[in-house]
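The values are calculated or read from the model by the stated rules, or taken from the named source; none is laboratory data. Source: prediction; values computed, not measured. So basically every Cβ, Gly included, is an ideal-geometry build from the backbone, and we count neighbours across all protein chains shown. Just the protein is used for accessible areas: all its heavy atoms, side chains included, with ligands, DNA and RNA removed. Shrake-Rupley method; radii C 1.70, N 1.55, O 1.52, S 1.80 Å.
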Amino acid sequence: MMWQDLFPARILERGYEYFMAGVVDDFEVREAMVNAVVEGSEHYVVTIEYTEDQITELHCDCPYAAEGNNCKHMVAVLFMCEERNVFHEQNSAQRSDTAEELGKIVMTADETMIRSFLLSAIVNDEKLAHQFAREFLSNYSAESVRYIINQIADIFDTYEDYSGFIDYHNAFTFGGDILGLLTDEVDPLIEANDYSAAFEVLGYLVNRVDTVEMDDSGGEITIILSECFERWQTILAEVKLNKKKRMFDWFTKKLAVSDDEYSKEYVEEIIRVGFPEASFVEVKLRFAKKMIEEAEALEGWRREFQLSEWAVFLIEMMEQEGKSEVEVRKQYTRYWAFSEVRKKYIANALARKDYSTAIKTLEESIKLDHSYPGLVSEYSHVLKAIYNTLGDKDCYLDQLWQLLLTDDPGNIEIFRELKANYTKEEWPAARQRIYSALEGKDFMDRLYLEEKDYEQLMTYVEDSLELYKVREHFDLLKDRFPERMLDKYEKELRQLAAPVSNRQKYRAIADLMKGMTKISGGNLRGKRLMQEFKTNYPRRKAMLDELSKLKSLY
């Protein structure tokens, strides 16, 4: 049901944004009819009527639709219909009745007549012939593979415009159709052990994805390539070595000619992980050297990234091939500036239980990568684990403190690990040291909650911006500190109300004031605050209107 044709592109885009924002509510399906409420600047009721293959009636009570237009609220509800398979379920019920009737005819028909009819049907229907082959043959024919490839081409042709571009509105459905084809057509090939056919189809698809121009803000290309990558892994894990070598050649040639950064990443990864056999080590080593030469010619971050990736791979291949320690060490030294190379060196040292080398390299790496907090935190965690393994209590504790206060501040697991190393008598002083060192940090409420330190948590909430933290910890604090909670509400609501704003903002203020009624004494404080707003802002009709809706609460 191509209902998208009923809407201009800009309306489709806005409606899709509404759908993704989750503003479709009270969604109700009746026989051939859908009703829903869409929450926008106002609440609008949408009604959709449909038959088996088309929309027959669209209605929305928004002003734009009242002028005879199809609006974004209708689009939002139609996307919800698609998500919940509303139209599909209706058609399924009708097809079920038809299938029952046909089943009776088939069961009473002559077998020879059925075979003759089937032959005539599949000879004249390419799609039906393909379905028949998939069901009854252990291996697909070349014609079946061509049929699947033609299906892929048809999907691209369907969604590309006259210039070959797939726009934002079509990208999502395009991606869904491609993923459906992978499930319906490629997976049966793999299940039938027809790996060459599956590989051929995947190769065609990836080549088409490489060259397509589309708005990929929804990440469809990455999703498609990821699904292809998973199927490549399945195929390579099962296929025989002679076919696997041909597939390796395809990947290396693909990498040489592809300009698409997305597919190159997946192809590079499959070359690294998909061919673990010893017979591939030498050819992968040559390939790694070639990729390093190409990376050397690049500039900027791409050069650094590619060199780092392929240097690690080169070292792995040299180690697998049994190159001498001197030769391998030479490559480590050459690419020592790259963190991934040093991390491999550290991992090797740990595997040999050469802890002194690992510690030395970790400490050096912390200095070299000091401007990258994520890396420093990673190194620091490894150091902590080493000291714990060695039973070096002093260094272990020092590293815990380093992590909690500096390298991974506020990490709740490190906080608990540190606490486990202090006695009940020692802990209060250690905890105060943590509080003092991390005072004012955004994550401090996690530590206060861990310690059930509600006084500190209340102070933290009072000092936080606006009412986000009040609402997050509302249930814990409303009965323990009712007056302080109400003080915070009043302070923030006054600041929110001061500038002139729109109805949406005033509605948010009214919603926040509802929260005050759940706190002891909140009704009286809220009533006074509401009167204050009415007195101070008598000309703000939208504000007064929203506040008037709170009369039943105050």
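A few remarks follow.
- Summed over the residues of the chain and divided among them, the accessible surface reaches 56 Å² per residue at a probe radius of 1.4 Å.
- Residues of segment 381-396 with amide N under 20 Å of a point placed 7 Å along Cα→Cβ from Glu426: 384-396
- Estimated [θ] at 222 nm from DSSP helical runs (n ≥ 4, -39500 (n - 2.57)) normalised by residues in the chain, nearest 500: -21500 deg cm²/dmol
- Placed amide H near Asp61: partners under 5 Å, 5+ positions off or other chain: Val45
- 3J(HN,Hα) from dihedral phi, segment 404-409, Karplus parametrisation 6.51/-1.76/1.60, rounded to Hz, x for glycine, proline: 5, 8, 10, 7, 9, x
- Percent accessible area from carbon and sulfur atoms, the chain, protein chains only, probe 1.4 Å: 50 percent
- Solvent-accessible surface of protein heavy atoms, probed at 1.4 angstrom with all chains present, puts Asp5, Asp161 in the order Asp5, Asp161, largest first.
- Contour excess over end-to-end distance, with Cα ends at Glu532 and Asp487 and 0.36 nm allotted per residue: 14.7 nm
- All other residues whose Cβ lies under 13 angstrom from that of Ile48 are scored, Lys and Arg at +1 and Asp and Glu at -1, for a net of -3.
- When the alpha carbon gyration tensor of segment 427-531 is reduced to an equivalent ellipsoid, the three semi-axes, largest first, read 30, 15, 10 Å.
- Using a probe of 1.4 Å on the protein chains alone, the accessible area found for Glu42 is around 80 Å².
- Of the cross-linked pairs Lys264/Lys343; Lys353/Lys424; Lys353/Lys393; Lys254/Lys367; Lys488/Lys549, those separated by over 28 Å at the C-alpha level are Lys353/Lys424; Lys254/Lys367.
- Once the chain from Arg507 to Lys290 is taken as fully extended at 0.36 nm per residue, the excess over their C-alpha distance is 71.8 nm.
- If a spin label sat at a point 7 angstrom from the Cα of Asp475 along the line to its beta carbon, the backbone N atoms of segment 446-461 nearer than 18 Å would be those of 446, 449-454, 458.
- Low-density loop positions, trypsin sites (Lys or Arg not before Pro), segment 180-270 - DSSP coil, at most 14 other Cβ in 10 Å: Lys240
- Taking every protein chain into account, the 1.4 Å probe leaves His43 with about 110 Å² of accessible area, to the nearest ten.
- Whole-number percent relative contact order across segment 479-547, with pairs defined as alpha carbons under 8 Å at least 6 apart: 40 percent
- For GluC sites (Glu not before Pro), the sites in segment 396-430 that DSSP calls loop and that have at most 11 other Cβ atoms within 10 Å are Glu425, Glu426.
- Residue-wise HN-Hα couplings along segment 414-426, as the Karplus relation 6.51 cos²θ - 1.76 cosθ + 1.60 with θ = phi - 60° gives them from phi, are 5, 4, 5, 5, 5, 4, 5, 9, 10, 6, 4, 6, 7 Hz; Gly and Pro carry x.
- One chain, two ends: Arg433 and Asp154. Fully extended at 0.36 nm per residue, the span grows by 93.8 nm beyond their Cα-Cα distance.
- Inter-centroid distance (Cα atoms) of segment 313-329 relative to segment 155-183, Å: 45 Å
- Annotation for segment 410-460: chymotrypsin sites (Phe, Trp or Tyr not before Pro) lying in DSSP loop with at most 16 further Cβ atoms inside 10 Å of their Cβ are Tyr422, Phe443.
- All other residues whose Cβ lies under 15 angstrom from that of Arg528 are scored, Lys and Arg at +1 and Asp and Glu at -1, for a net of +2.
- Phi to ³J(HN,Hα) by Karplus 6.51 cos²θ - 1.76 cosθ + 1.60 over segment 361-366, Hz, x for Gly, Pro: 5, 5, 5, 5, 5, 4
- Measuring nothing but how far apart in sequence close Cα pairs (under 8 Å, 6+ apart) lie, relative to its length, segment 370-470 scores a relative contact order of 18 percent.
- The alpha carbons of the chain occupy a box of 87, 78, 47 Å along the principal axes, longest dimension given first.
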